[in-house]
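Written below as C-alpha cells is the structure these notes are about.
Just so it is clear, none of the values below were taken in a lab; they were calculated from the coordinates. All figures in this text were calculated on a predicted structure; none of them were measured in a lab. FYI the Cβ positions are ideal-geometry reconstructions off the backbone, even for glycines, and counts take in every protein chain you see.
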C-alpha cells in the first residue's frame, strides 16, 4: 500500500500537464477549430483522444494510475466539450458486440467527433424500470429491415444528434428483459419528431422523441435480435461512473469556497460563519473519501473490464456531493439566488443559483434513480435476494 | 384559534400547582407511605389519581386543556412513581370489553396501586409482528379453564408484577390476528419462570417469561375467545402516546442545557460552541413543534376516544427527541461518558452517559418499532393500500 | 387554548380555496407569469372586492380588524395556489408598516387606496451587503434643510416594479449594524432620483432593485419617529415571516399530497410506486414534517397575535423549521416524481421553487437557528 | 499509488484474523472483561511471541520497522474481535512517544520490555478541563533543584491500572492552551505521590484517573526537550487516531455484516426482514459509510506514513468521518436487530459501545470537523 506515484507516473503527469497547458484555448481562437485540433493532437499523443478505449481500438492502454492522473488534470484544465454518447457508451458496445463491419463504419466517426449520437433508452411510463420499454421494432417480411414505432423520453441532446442508438422491443414473449433489440439509425429523417423538455433549471437538454414508421436496415442491428438488454446493461454502469463526476466536484468545491469567501458577513466572509463552514467542511471530507473510493475501484478494475456494481456506490455518493455543492452555492448567493435574469443585483455567481440547484436535482434521477441504485447494491453487493414475488 | 387559557383553565392550573406543591415529597418521609398518601389525596380531588379514566369509572372527566395542564405541571414536579400497565393499558380494556364482574374485581386494586400488572405481548421470534404470537391456551375438556404454555419476551417489570394480562393463541385457523385470546392470571405461581434480560444500558427492566401448564379459569378471560387482538390493538395506541414522553422531554432538555452550561470550553461553556449550540437549538425547535402537535391531537380527540393513528406520529417524533437528548447529554459528558462505575472522574452527570444513550436506543424499538409505525401511518393516514401480496 | 378556525376565518378560507381552484390551474398561472405585470390585475380587483386586502387593517383604517391569524388562514390558501398577486408586498409588508406608524394624513392618503387595490406599496429594507440582518442598514439619510437625501441601493424589493410607493429604511444615526438610528420613510415611486429595475425571480414572482441617487425626502415623508424605525420594521418582518410560513405550509401540503397521488397512479416494475416501502416511509416523513410545521405555525402565529413573551423566539423557530421542511418535502417530492418532477410540465417543481425563494427571504434556516439560540 | 497489502501485511492480517476467531467469541470476551485485569495476560504473551508488539518499532529498538500502515492492518483485525489487550495504550501511545523522543538509556530500559510484553506503558495527557485539546495542559511542573514536582490530575488514562510507567504531559512554560511550553516525562507507576484509580469503561476496557501529589521528577525522567513536547505528543495522538479508526472500521464491518445476516435469517410478517426495502436501503447506506471510511482511512494512513503535507488535515477528516459513520452504522445495526439489538446477548451492542468510546477519544466528530476547517 503506497500513496506515492512512481517515477513513471510522475513523468506521465508532467507530460499531461504540458499537453494541457500547451493546448489550452486562447482568446480569439475559433472554438470549433480549436476543438478539432485539440482532439487531433491528443490522438497524436497515442490515443489520448479516446483515453478509455482499449489499445486494440486505438486507445492509450493506460494503467489505473494514469487514468486517475488524466482525470484529475483535465478536470482542472481547459479542455474542449465532449459528449459521452458515442465515445463512452456506444463505442464500448460496438467493440464488444458489434460486427467488424459496424466497428469500421461507426467507430472512426465517433473518434473524430464528426457524428453526434444520442441514446434512446427511457420511455414515458417506464421511468427507472427501463426494461419495460414498449417502442416496437417489427421485422419486415423480406427480413431486410425493421420498422420502428414508439416514443423515447429524456433523450439528452436529441435535438443536435445525428444518430441514435436505440433499444426497441422485437418480442413480448418471455420476461421483459428479453425481446429487446439494439438498433442504430439516423436522427435527421422523416418520421422522427423531437420535442424539447424544459427542466426546472430553465434549460433545454432533454427531449421527447417520437418515431413513426422508421425503417432501419438489419445491418444496423447490433448483435443478436432480442439480446439488446444484455448489451445495454454494462453501458448503464459506464454511464453511472461518469455521472458521479468526482473530479469535477473537486474543482467545483474550490469554486464554492472562493464564492463564499467573497460574500461579506460581519467583519469576515460567509466562510467564517460556523454553520456554513461546517457544511462545507463535511462536504469536503465526504469528497476526499469518495475520491479514494473511486481510486480503489479503478485499482481493482482490471483493464478492459466494465465497471461493476461499485459504480452504483460512486453514482450515489458522487451525485449527492454534486447536489450539495449546488445547494451550498445557492445558499451562498442568499436572496440573490432567486433572480431569474434581467438584473445585475448581487454577486455574479449568485444570480440564478436556485436554477442551478433545481437543475441539479436530476442527478439523482437520471442514469437510474438513487432508489434503483440502492436496489442494485442490495442484490449485487450485499447479496440479498428478495423472496417476495 | 386562541393560545390563551380561559379563566377556568387558569384557575385549574393554579389548583394543580397548589396540589403538587403541597404534596411534594419531603426529605425523611417514608417514600412508600408518601406514595400511597399522594394517590389517596389525588383521589379526593375528584379522580386526579386516574386522570385518563372516564368519569363513569371515577376519572375526573377533564377537558383536553386540563389534561395538557396536568401533564405539563406533573412533568415538572415531584410525583410518585407509577406504572402504566394496570392504569393506562389494562384498565381501558376492562372498561370497554371486561364483564362487570371483572371490572369490579380488578379496577379498584389497579386504582389503589395495590396490584402491579405486566403485559404479556411480545414473543421471541415475533418482534414487531406481534400478531404472529404462539403462546398456546387450550381450553380444558370441561370448559372450566385454559392451560397456557409458551414464552413471552421483553416483559417489562415481570420480575415485580403480581398479575399479567396476556395474549394467547386459542386457534390457528384463519388469519393470524384471529384466534388470539386475552387472559389474566397471577404471576406468582408454579410454572412461571422469569429470566432477566440485561440491556446495553446495563439495566434490568425487561424479562423473558416462560409458562408451563398454567391453569387460567375461564372467568379470567376478557371478552370473547379469539377476539383478543381487537382489544389489544387500541391499547398499543395508548402505549405509544405514553412512550412519546413529550412533557418529560421538555424538562429533560432544560436539564441538558444546564449540564452543557457547566462544561467548560475555552472562555465559556459547551453551550457557546456553535456546533453543539446549533444541535440543541434544532432539538428545542422540534420539541416546540411536537408539543403543539400533541396539543392539536388532544384537542381533536373527543373525550373517551382512544388515540388514533396520530399517536404513531407522536411516538416517532417523541422518541427521536428523547434519543437526541440522551445523545447530546452523552456528547456533553465527553470522554467521561465512557466511565462505567468505580470512579468520580469528570462531571457527575457525565459518568455512564454512554449507558444512558445505549439504553435510549430501545425507545424506537419497543411499543412497535419506528418502521412499523411508519407502515401504520402509510396505511391509516396516507391511505395507501399495498397491492403486493 | 383552541385550534379551531372562527366562523369568519372558515368562510374566508373556503372562499379563497374556491378562488384558487377556479383561477390558479398550472396553465393559467404560467400564462400570468409570462405576461406583464406578472400577475392578474383582475384577480387583484377581485381580492379587493372580496375584502381580502382589508383583512389585517383596523376598522378605523377601513379594514376588517383581523390579526396575524386571519392573514395565516389567507396565506395558507394562497400557498396552495402559488398566488402571484402582491398581497405580501403591499398589504403585509408595506401596509404593515403604515398601519403601525403612519400619521393620520399618511393613513388617509394611502390606506384607503391600498385596501381598494388601486395603489400598491412595497417594502425596501435589504441591501447588497446586509446579509439577512434587517438592522444592517448602510443607505444613509444626509440631513438637509427640510429633510434628508438618500443615496444607495435597496435590493430584492418584492413587487417593486408595480409599487406606487416604497417604505424605505435608512440610517440617520449609529453604526451600520445598530438597531437604533434606523428611520423609515414612505417614498412615491416617481420621486426624482429613484430608479426601479424590475426582474423576475425563479418562482415566477417579480422583484426589483432600487437605486437612490440623491433622493430628497421631507418631514412629510417620514414614517414614525426618527432613529426609531427598527421596532416597527422588525414587527413587520415577523409578520412577513408568519405570512410566508403559512404560504409555505400550503405549498407543502400540495407537494406531499401530489406525491402520494402520483405514486399511487404510476406503475414501475409491475407495481404502483406506492407499493415500495422506501417511498412509503419517505412520504410518511414528508407528512410528519408538514404536520410539525403546521403545529409550529399555529404556535408562533398565536403567540405573536397574543403579544406573548416568547413571540420573537417562536418566529425564529418557525422560519428555521419551515426552511428545513421545505427542502425535505421539496427534494423528496421532486425525487419521487422522477424525471417528470424536474420538468416545467408538472406542478411540483413550481411549488418547490416558491419554497426556495421563501427559504431565502427574511433570513434562511441557518440564520434563524442562530438567532433562536442567541 | 497502490492499495494492495504487502505479503508481510497479508500474513499478519491473516494470523490476527485466526487469533480473533479462535479466542474472541462473545462469551470468551465477556469472561475476560469480568476478570481482573480485564484482558488476558496469556493473549498478551501470545501477541508478543508472534511479534505483533514489536511491529511499529524500528529494528534498532528491537522491533520490525513497521509504519502506520502495518498498525492499521493489525488494528482493523483487532476491531473485528473487540480485542481487549493494551496494544493501543502501551505500543501505539506510550511506545509511540518513546520511539520518537526517548534517550538511548530510556530506550534500553524500556523498549525491550515493552516489546516482549513484560512491561506496559500508558499515556496520560487529558485533564478534567482540557476538553479535546491535547495542548490544553494545566498540570504544571514546578522547578526544583534537580527537576520538577507535579501536582494535579490526568484523566481517562487508558489501561493505567496495569501500566508500569506513564508518559505524562505537563506544563513548564506558557499559558494553559499554548502549544509551546509542554514537556513530557516517563514516570514509573510506583513513584511517590502518584495515585492510580482504575475503572472500567462501557466498552469493557479499562481506564483510570491519575492523581499527582507533589510527584518529583528528575532530568532522567524527561522525554525529549523541555517545553518542546507537543510535537511528539501530537504525532502520537495522530497515530492513535489512525489506530482507533482502523479498529472502528473492523467493528463497523462486523456490524453491517451481522445486520445483513440477521435480516436474512429473521422472519417477520411472513417474510425475512431482508425483504423489506427500507431495511435493504438502510443496509446499503451502512455499507457505503463503511466503504467511505475505508477509503479515507487508507488515504489518511498513507498520507501520514509518507509524511505528506496534507497529513494533519486528513487525520482530522478521518476522525470526523469515522465518528459520523460509527453513529450511523451502530444505531442502524441496533435498530435493525430490534429488541435483540439492545441486549447484552448479541454482539452488535458490544461493537457499538466500543465505537462510542472511540468516538469520544482523541476528540469527537464535531471537534475534528472544526479543526479540519480552521
* In a Gaussian network model over chain B where Cα atoms closer than 10 Å are linked, find which of B:291, B:193, B:371 has the largest mean-square fluctuation. => B:371
* Compute the separation of the alpha-carbon centres of region B:165-179 and region D:306-350 and state it in Å as a whole number. => 42 Å
* Give me the percent of DSSP beta bridges within region B:152-262 that run antiparallel, rounded to the nearest 5. => 95 percent
* Asked: Among C:288, C:72, C:47, whose mean-square fluctuation peaks in a Gaussian network model of chain C (Cα, cutoff 10 Å)?
  -> C:288
* Structure fact -> Copies of residue B:230 compared via label points 7 Å along Cα→Cβ give distances in nm, shortest first, of 5.8
* Among D:207, D:103, D:28, residue whose mean-square fluctuation peaks in a GNM of chain D (springs only between Cα atoms under 10 Å) -> D:28
* If you rank A:192, C:115 by fewest surrounding Cβ atoms within 10 Å, what's the result? -> A:192, C:115
* Where the centroid of each part is defined by its Cα atoms, how far is region A:269-286 from region C:31-108 in Å? -> 39 Å
* Asked: Taking the label point 7 Å from Cα in the Cβ direction, how far apart in nm is residue D:213 from each other copy of itself, listed shortest first?
  -> 8.3
* Treating the angle as unsigned and between 0 and 90°, give the value, to the nearest 10°, between the Cα long axis of helix A:228-244 and the longest Cα principal axis of chain A. => 10 degrees
* What's the exposure ranking of D:281, C:159, A:204, going from fewest to most Cβ atoms within 10 Å? -> A:204, D:281, C:159
* Structure fact -> Chain C to chain D by rotation: the residue of C with the beta carbon nearest the axis and the rounded distance in Å are C:277, 2
* To do: List the residue from chain B whose beta-carbon is nearest to the axis that rotates chain B onto chain A, together with that distance in whole Å.
  => B:274, 2
* Please report the relative contact order for region A:26-129, taking Cα pairs under 8 Å with a sequence separation of at least 6, and give it as a percent rounded to a whole number. => 20 percent
* Between copies, how far does the label point of residue A:157 sit from its twins, in nm, shortest first, when each point is 7 Å from Cα along Cα→Cβ? -> 7.0
* **Relative exposure of A:165, D:230, judged by other C-beta atoms within 10 Å (fewest first)** => D:230, A:165
* Rounded to 10°, Cα long-axis angle of helix C:68-81 versus longest principal axis of chain C -> 50 degrees
* Using alpha carbons only, how many degrees (0 to 90, rounded to 10) separate the axis of helix A:7-22 from the longest principal axis of chain A? -> 90 degrees
* Asked: Within 10 Å of each Cβ of D:341-352, how many other protein chain Cβ atoms are there on average?
  -> 4
* Share antiparallel - DSSP beta bridges, chain C, percent rounded to 5 -> 85 percent
